[in-house]
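**Student:** Handing you a structure now.
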Amino acid sequence: MDVSKLIPPYSMTRIDPWLEPYAEGIETRMNTFKGKRWQLVQDHPTLSDFANGHLYFGVHRTADGWVVREWLPGADEVHLIGDFNDWNHESHPLTRGENGNWEITLAGRDAMKHGQHIKLWVRKGQNAFERLPAYTTSVQMDPVMRQLCALVWDPEPFPWTDEGYKDRKPSAPMIYEAHVGMAQDREGIGTYREFADNILPRIQDLGYNTVQLMAIQEHPYYGSFGYQVTNFFAPSSWYGQPEDLKYLMNKAHEMGLRVLLDVVHSHACPNVGEGLNMLDGTDGMYLEGWHPAWGTRLFNYGRIETMHYLLSNLKYWMDEFHFDGFRFDGVTSMIYHDHGLGTAFTDYGMYFGGNTNQDAVGYLQLANELIHEVNPNATTVAEDMSGMPGMCLPIEDGGIGFDYRLAMGEPDYWIKLLKDTRDEDWNMQAIWHEMTTRRPQEKVIGYCESHDQALVGDKTIMFRMADAEMYTGMEKSYHSLTMDRAIALHKMIRLLTLASGGNGYLNFMGNEFGHPEWIDFPREGNGWSYKYCRRQWHLVDDDRLKFQWLNDFDRAMIHLAGDAHLLEDSGAVNLWMDQDRKIIAFKREGLVFLFDFHGSYSEQHFFLPTWEEGDYEVVLSTDEERFGGQGLVSHRMVYEARFDQERGYGFEIYVPARTGMVIKKR
């Protein structure tokens, strides 16, 4: 990037004229970015050349031995201990160099061996303690002490067969959000290889083109859902070894699937002795302060060593494991000093005042530049609920550089609607507004539910609608007003969200078929049980159960969207809205979508405006018998759109109550 060309005024204010009064705030953002970038790059040709901390720090084999380096500026004494020296605290001291960098070389290729346990013994004043290297790439849980220990990791090179994966231009992402450990049907923790062999084929069959993996960075507490990371360069040992993750990645790429890492750079696990907290005996280094709601440590984005560590971390996951991009967790928490807690963000001034953490914003800009420098076809997604302007605009325009942001208001809207509003009071205009309103030229990932809604204490859409009947009413032969409504709306909500809610789509594993119950990680309160920490695939594989209907509809919907390149289109265009009859009609990428949300009224002769003449046919309907519907919508009928003097171009069509359909011009 040629920073000299980043000159105000930035295009953000042209893209969104409401930002013109805040041009100075945008300029402050860009000046911070330019200053940080110059500070980091300096003599390096590119940002990627700077982000190589993992190649210098940590444990590395040399031509005739080993070298271990660690940044511990506050330490007075550092020793390497482990299996290789019988945990001797005196025999292998590190030498302090410039800037608090410590180093030791070990002669002989067998001075340490692959798989051996190691730690750092650190003294700060009168206190001595054990720590794990910050750049450790593999850890293992001590079964007795229940603490993590670093491993010397130097396996044979992995036999990758995914050549050219970086050259594949990404389609609009249809994301299958997944957790490796809970992806298996059995009560227990699944493995990387089980996920690759058993779950990837399911994802491919459904038609999703992107997998988003949660909880990959090492975390000692399984129940944290992977969001309390201790070892940022180590793939989680809960599911196997690093090479097993490479096996998963390689197989995904062979199947044509892209894989995003749910990366946690918003905070760090506070555990002392296992992660970054108090690494050299001081309260600073990479971290500063505490998150008031999460009880975790915060990163000091204003420190060059922190930037070096985090940027190197991103490059490491891309180079070493072939990830195709990242979903950044907790972006809202990062970019505001109050972490967005209790803030409504009701006017633009709240984005550019003193509450904005300019160092964090600058880091995210640098992260996006680096990621797309390493792989121009990479995808980055921001989890931001604040609506920060420019989050998904290019850096050159004054933006932060993400490709997409999660449309976090959409699942909240659906849950609130189902929870608080009678069906007959649903507001069609409000639904349309929630699905289609977004910042100009900024892309979003639409979704009606993710892992958040599946956690214990909340309810998925299907569970919220069916409630207790989930346990008694899922046989295909069973019908009731409650269950029939739940089956119908589950399909309609997903189709409407996919078709109108964004430029990408996301689903959490199992929700596509209405997975019952909630996610509850093993804990003392449930007897450390894995009963609710798994995905019950046998339910969707059972021909007698309605879960199969929902799964089949999701497959048909996703494949239709992919084949039509639906999400490549900039957005849906409204054709008709009728509040009394609960009808919404719109078009996108050559397809017409028609929904009747009324609970009982079917429109016999609805005139569907098309704006052009032609012959049309229904290509997908939520009412198809194969999806548990009544089969009232004909797929054999050809509808002739002709000009009507009073109504324009269009045709009449029968629209059953609680039905959504997709219509295509022949």
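**Student:** With respect to K546, is the statement that it is on the phi > 0 side of the Ramachandran plot and in contact with an Asp or Glu (Cβ under 8 Å, 6 or more places away or on another chain) true?
**Tutor:** Against the criterion (on the phi > 0 side of the Ramachandran plot and in contact with an Asp or Glu (Cβ under 8 Å, 6 or more places away or on another chain)), K546 does not qualify.
**Student:** Go through the residues of the range 327-341 one by one and say whether even a single one is surrounded by fewer than 17 Cβ atoms within 10 Å (Cβ to Cβ), among the hydrophobic types (A, V, I, L, M, F, W, C), in a loop (DSSP other than H, G, I, E, B) and at pLDDT 95 or above.
**Tutor:** Taking every residue of the range 327-341 in turn, at least one turns out to be surrounded by fewer than 17 Cβ atoms within 10 Å (Cβ to Cβ), among the hydrophobic types (A, V, I, L, M, F, W, C), in a loop (DSSP other than H, G, I, E, B) and at pLDDT 95 or above.
Residues are listed down the side, and each one gets a yes or a no for (1) open to solvent by 30 Å² or more (accessible area, probe 1.4 Å); (2) in contact with a strand residue (DSSP E or B) (Cβ under 6 Å, 6 or more places away or on another chain); (3) under 30 Å from G473 (Cα atoms):
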position: R535; (1), (2), (3): no, no, yes
position: D541; (1), (2), (3): yes, no, yes
position: F553; (1), (2), (3): no, no, yes
position: A561; (1), (2), (3): no, no, no
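**Student:** Tell me which residues, restricted to the range 109-136, are assigned to a loop (DSSP other than H, G, I, E, B), open to solvent by 40 Å² or more (accessible area, probe 1.4 Å) and either among the basic types (K, R) or over 15 Å from D86 (Cα atoms) (or both).
**Tutor:** R109, K113, H114, Q126
The rows are residues; the columns are (1) under 29 Å from the mean Cα position of the chain (by Cα); (2) free of Cβ contacts under 8 Å to residues at least 60 places away in the same chain; (3) at positive phi; (4) part of a loop (DSSP other than H, G, I, E, B).
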{"site": "H559", "(1), (2), (3), (4)": "yes, no, no, no"}
{"site": "H598", "(1), (2), (3), (4)": "no, no, no, yes"}
{"site": "Y601", "(1), (2), (3), (4)": "no, yes, no, yes"}
{"site": "Q604", "(1), (2), (3), (4)": "no, yes, no, no"}
{"site": "G631", "(1), (2), (3), (4)": "no, yes, yes, yes"}
{"site": "R636", "(1), (2), (3), (4)": "no, yes, no, yes"}
{"site": "Y649", "(1), (2), (3), (4)": "no, yes, no, no"}
{"site": "I653", "(1), (2), (3), (4)": "no, yes, no, no"}
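**Student:** Right, next: Which residue is most open to solvent (accessible area, probe 1.4 Å), if the candidates are limited to the range 351-375 and must be within 27 Å of T46 (Cα to Cα) and touching an Asp or Glu at 6+ places or on another chain (Cβ under 9 Å)?
**Tutor:** H372
**Student:** Check V272 against each of (1) open to solvent by 30 Å² or more (accessible area, probe 1.4 Å); (2) more than 30 Å from P292 (Cβ to Cβ) and name the one condition it does not meet.
**Tutor:** It is condition (2) that V272 fails.
**Student:** Among residues belonging to the range 41-52 that are touching a residue at least 60 places away in the same chain (Cβ under 8 Å) and touching a Leu at 6+ places or on another chain (Cβ under 8 Å), point out the one that is surrounded by the fewest Cβ atoms within 10 Å (Cβ to Cβ).
**Tutor:** Once the filter is applied, the top-ranked residue is S48.
**Student:** Give me the helices (runs of 4 or more DSSP H) completely within the range 1-108, filtered to those with at least 3 residues that are under 30 Å from the mean Cα position of the chain (by Cα) and of a type in the set (K, R), ordered by residue number.
**Tutor:** Counting at least 3 such residues, we get 23-41.
**Student:** Considering only residues of the range 455-477 that are within 22 Å of the chain's Cα centre (by Cα) and of a type in the set (D, E, K, R), which is nearest to R626 (Cα to Cα)?
**Tutor:** Among residues in the range 455-477 that are within 22 Å of the chain's Cα centre (by Cα) and of a type in the set (D, E, K, R), the one nearest to R626 (Cα to Cα) is K459.
**Student:** Could you go through the range 404-420 and let me know if any residue there is in a loop (DSSP other than H, G, I, E, B), touching a residue at least 24 places away in the same chain (Cβ under 8 Å) and among the aromatic types (F, W, Y).
**Tutor:** No, the conditions are met nowhere in the range 404-420.
**Student:** Let me ask another. So which residues in the range 382-432 are over 23 Å from Y336 (Cβ atoms) and either in contact with a strand residue (DSSP E or B) (Cβ under 8 Å, 6 or more places away or on another chain) or open to solvent by less than 30 Å² (accessible area, probe 1.4 Å) (or both)?
**Tutor:** Selection gives W414, I415, L417, L418, D423, W426, M428, Q429, I431, W432.
The values are calculated or read from the model by the stated rules, or taken from the named source; none is laboratory data. If you're wondering where the values come from, they're calculated on a predicted model, not measured in any experiment. A quick note on method: Cβ atoms are made from the backbone with ideal geometry, for glycine too, and the neighbour counts reach across all protein chains shown. Remember, those area values only see protein heavy atoms, side chains included, never the ligands or the DNA or RNA. Shrake-Rupley method; radii C 1.70, N 1.55, O 1.52, S 1.80 Å.
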